[in-house]
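The structure appears right after this line, and notes come after that.
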Amino acid sequence: MRDCYCTVNLDQEEVFRTKIVEKSLCPFYGEDFYCEIPRTFRHLSFYIFDRDVFRRDSIIGKVAIQKEDLQKYHNRDTWFQLQHVDADSEVQGKVHLELRLSEVITDTGVVCHKLATRVLECQGLPIVNGQCDPYATVTLAGPSRSEAKKTKVKKKTNNPHFDEVFYFEVTRPSSYNKKSHFDIEDVDEVDKMEIRVDLWNASNLKFGDEFLGELRLPLKFLRQSSSYEAWYFLQPRDNGNKSLKPDDLGSLRLNVVYTEDHVFSSDYYSPLRDVLLKSADVEPVSASAAHILGEVCREKQEAAIPLVRLFLHYGRIVPFISAIANAEVKRTQDPNTIFRGNSLTSKCIDETMKLAGMHYLQVTLKPIIDEICQVHKPCEIDPVKLKDGENLENNRENLRQYVDRIFTVITKSGVSCPTVMCDIFFSLRESAAKRFQGDLDVRYTAVSSFIFLRFFAPAILSPNLFQLTPHHPDPQTSRTLTLISKTIQTLGSLSKSKSANFKESYMATFYDYFNEQKYADAVKNFLDLISSSGRRDHKSIEQPILLKEGFMIKRAQGRKRFGMKNFKKRWFRLTNHEFTYQKSKGDHPLCSIPIENILAVERLEEESFKMKNMFQVIQPERRVLYIQANNCVEAKDWIDILTKVSQCNKKRLTVYHPSAYLNGHWLCCKATADNTPGCTPCTGGLPANIQLDIDGDRETERIYSLFNLYMPKLEKMQEACGSKSVYDGPEEEEYSTFIIDDPKETYKTLKLIIEGVGNLEQEHAQYKRDKFKKTKYGSQEHPIGDKSFQTYIRQQSEISAHSI
């Protein structure tokens, strides 16, 4: 049996790691990881590691998906064969070369050819065992000869600048041919020759240097042009030992969702955005652009995510959700089924709660969920599933205490509920009470069907999906959370005959503990508080909200006069009040920076300390804290959230130094005084609202691409409007799927949408054409060997008559 974990990597940089599943050959991880990708990459890779008794990790195998292929597997569960991991499978990075083949006339008047090879630089080489000291070898190889030369080793960098030139004699003067070992290398011979550039990591171990990648170029393509300069992707060696069976390592099941948006500047989106933002005011709401998006998308979720983000960004979410909820309530016949379907309304409210309520969950549930995950109290109350030595009564008592504590925390948390959620609940409650005036409980069930059924219960059931725990809980904890979630859900639903709600008799028995009136009263008071209109956030009793925490490496800030400024690993914590670090989690803080003292947060150039993923937190009196995050995704997350929290500071800086102050001067601008004002403008800030940072244009672009994808359905809907307004009789089968209350209004909106989408489509096409004309194959952005660019060229040449 093996103890395995899996990592997610951009090329070879680890950005996420699952928990270890012990003693299993078929481990199930069930973990979700989401990230914005902060840099270019060639492969998305997944490595499987096995941890042995001595806590050493060995690689079992990997799955590497090329960036160009991600679309093929988009949102589909797929089994991938694990591949062997060796130096050749790990090749990444690119090299910049200049080659010149020149004719030289010797003293005797004989012509011979010389080749000059200039190795300029490399970028993005792999880091082997935490280090990269690269050098290159340049070999001129032919059928009967091979001549090799080598660059200097560059220490501690995976972007080395070599700039070294090597000369080779390709053909020698023919006068040498006096039966000595100098043969004439005729033209055919030159055609068979190639220049080979290999990159190596100078290892200090006995095993020799590690191979990083190679490049082979036949000389014949140089005969036409005298000088040739380009970037190339490094390739694996062509070993010919492909006999390894791929199927002996097992396979990995993944579901990868990869989206890539090309976002224009804001003005391009105005027409489409305006139509969308007016959705709340359109009468009837079913004729609005946002509602139409929900009608044409295959999954309501697809539409809800960008819509909610767009409306939140422009502060229009409450009127929009009120309008669609009101329309849904009018269509509901039975008060017991209110908001129970997977409609656009319920998906939008789910999404809003997930975005706006994240910190609310952290404050209410996180402490108890953490305790449940750490303490492992037995809580199984199904007599059939009891383990040996467990007592049913004790287990019931453990579970009852947990349910009681969580129930109390939730029902007492009304004042912390975010304003935007309260405003939505207020309008749900009003709509429901107005529609079903005879039913007094409907005002509560309308709200509880969201806050309990679709917010607290799922967060307890799968805390990892709501960022309450980093990983999927283990089976025992998972079972405990399931039982708690079921009970909380039933308590919140306020249905009349409680025990009858459970299929399992043991749950009905357990539920008898909670059949007291005080529980129902607590739920009603809580629901009243979060859905009353007069309530606003009580900032005075605000607890500090933990925004992010984790280990990073920091450089001493020089608070002591003497001593080395070395790097140390520390546990960092950021709340909305302060940024602190301590030796390890739970210790007393060694240093605390109040949020108002963070004057800027910026990246730090790699050259400063020869370390990647570094950023700087600039404080008053030009004191700077230099920090290194674990990977590029973490670095981006920390920079974004620190920038966002300190956005409103009065004294925020406008300029900063992108490099460090070392050896008496700033590396970036060479100024000698350490208090010299910065030499580079600070990057633009994010919106100051701590709850959300949303790019409105990007969300509009997502909505555009959805409309574009479902264009046939939009056209069908237009036909449906036409046929509905002309023949006011029974509908045709194919149109009955759409909700159309007012064909005229709906038709008008559809026309605007189709027009807006068409214009944007033209802009995208024009942009691609322009880019295509400007792009040079072999440039730094598109090195030779760039598959995605080759495919792109093929597509473009099919579309247009460019000759390539």
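Summary table
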| quantity | calculated |
| --- | --- |
| Acute angle (nearest 10 degrees) that the helix 711-726 long axis makes with the longest principal axis of the chain, alpha-carbon atoms | 40 |
| Positive-pole candidate from Gln467, Ala457, Ser251, dipole of the chain, charges at beta carbon | Gln467 |
| Protection proxy ranking of 390-397, 123-130 - average other beta-carbon atoms within 10 Å, highest first | 123-130, 390-397 |
| Listed pairs Lys366/Lys585; Lys554/Lys585; Lys347/Lys751 exceeding 19 Å between Cα atoms | Lys347/Lys751 |
| 0 to 90° range, to nearest 10: angle between helix 442-451 axis and the chain longest Cα axis | 20 |
| Among the listed pairs Lys387/Lys412; Lys155/Lys569; Lys644/Lys670, those beyond 25 Å (Cα-Cα) | Lys387/Lys412; Lys644/Lys670 |
| Partner aspartates and glutamates for Lys503 [C-alpha distance under 18 Å; skip if fewer than 8 residues away on the same chain] | Glu380, Asp382, Asp512 |
| Which of Asn9, Ile65, Tyr47, positive extreme of dipole for segment 1-65 (C-beta unit charges) | Tyr47 |
| Partners for Lys774 among aspartates and glutamates (Cα-Cα distance below 13 Å; same-chain residues under 8 apart left out) | none |
| Amide hydrogen neighbours beyond the local backbone of Val170, cut-off 5 Å, H modeled | His113, Lys114, Leu115 |
| Segment 1-150, accessible area per residue, ligands and nucleic acids excluded (1.4 Å, Å²) | 52 |
| Candidate aspartates and glutamates for bridging to Lys300, where Cα separation is under 17 Å - those fewer than 8 sequence places away on the same chain excluded | Glu328, Asp350, Glu351, Glu699 |
| Karplus-derived HN-Hα couplings along segment 85-91 (A = 6.51, B = -1.76, C = 1.60, θ = phi - 60°), whole Hz, x at Gly and Pro | 10, 9, 3, 6, 7, 9, 5 |
| Accessible surface, segment 268-307, averaged per residue in Å² (probe 1.4 Å) | 36 |
| Listed residues Trp666, Trp79 arranged by accessible area, highest first, probe 1.4 Å | Trp79, Trp666 |
| Exposure rank, largest accessible area first [Cys132, Cys26; 1.4 Å] | Cys26, Cys132 |
| Percent carbon-and-sulfur accessible area, the chain, ignoring ligands, DNA and RNA, probe 1.4 Å | 50 |
| Separation between Cα centres of segment 387-456 and segment 110-124, rounded to whole Å | 72 |
| Heavy-atom accessible area order for Asp441, Asp512, largest first, 1.4 Å probe | Asp512, Asp441 |
| Mean residue ellipticity (222 nm) of the chain, computed from DSSP H runs ≥ 4 via -39,500 (n - 2.57), nearest 500 | -10500 deg cm²/dmol |
| Residue-level accessible surface for Glu31, protein heavy atoms, 1.4 Å, Å² | 40 |
| Solvent-accessible area of Ser89 with every protein chain in place, 1.4 Å probe, in Å² to the nearest 10 | 40 |
| Cβ-placed point charges (K, R +1; D, E -1), dipole of segment 1-60 about Cα centre in debye, nearest 20 | 160 |
| Within the chain: Cβ-based charge dipole about Cα centre, in debye rounded to nearest 20 (Lys, Arg +1; Asp, Glu -1) | 2500 |
| Mean separation of Cα contacts under 8 Å (6+ apart) over length of the chain, as relative contact order % | 11 |
| With Cα atoms, 0 to 90° folded angle of helix 517-530 axis to the chain main axis | 60 |
| Accessible area (Å², per residue) of segment 358-531, counting only protein heavy atoms and a probe of 1.4 Å | 42 |
| Exposure of Asp57 as accessible area (Å², to 10), given a probe of 1.4 Å and all protein chains | 60 |
| Dipole magnitude of segment 358-531 about its Cα centre (Cβ charges: Lys, Arg +1; Asp, Glu -1), debye to nearest 20 | 440 |
| Listed values [x] 2, 10, 16, 20, 20, 15, 9, 4, 2, 1, 0, 0; [y] 2, 11, 20, 22, 19, 12, 7, 3, 2, 1, 0, 0; [z] 3, 15, 26, 26, 17, 9, 4, 1, 0, entry calculated as P(r) over Cα pairs in 10 Å bins from 0, in percent | [x] |
| Cleavage-rule hits, trypsin sites (Lys or Arg not before Pro), segment 412-464, DSSP coil, Cβ neighbours within 10 Å at most 14 | Lys412 |
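The values are calculated or read from the model by the stated rules, or taken from the named source; none is laboratory data. If you're wondering where the values come from, they're calculated on a predicted model, not measured in any experiment. Counting neighbours? That spans all protein chains shown, and the Cβs are built from the backbone with ideal geometry, glycine included. For accessibility, only protein heavy atoms count, side chains too; no ligands or nucleic acids. Shrake-Rupley method; radii C 1.70, N 1.55, O 1.52, S 1.80 Å.
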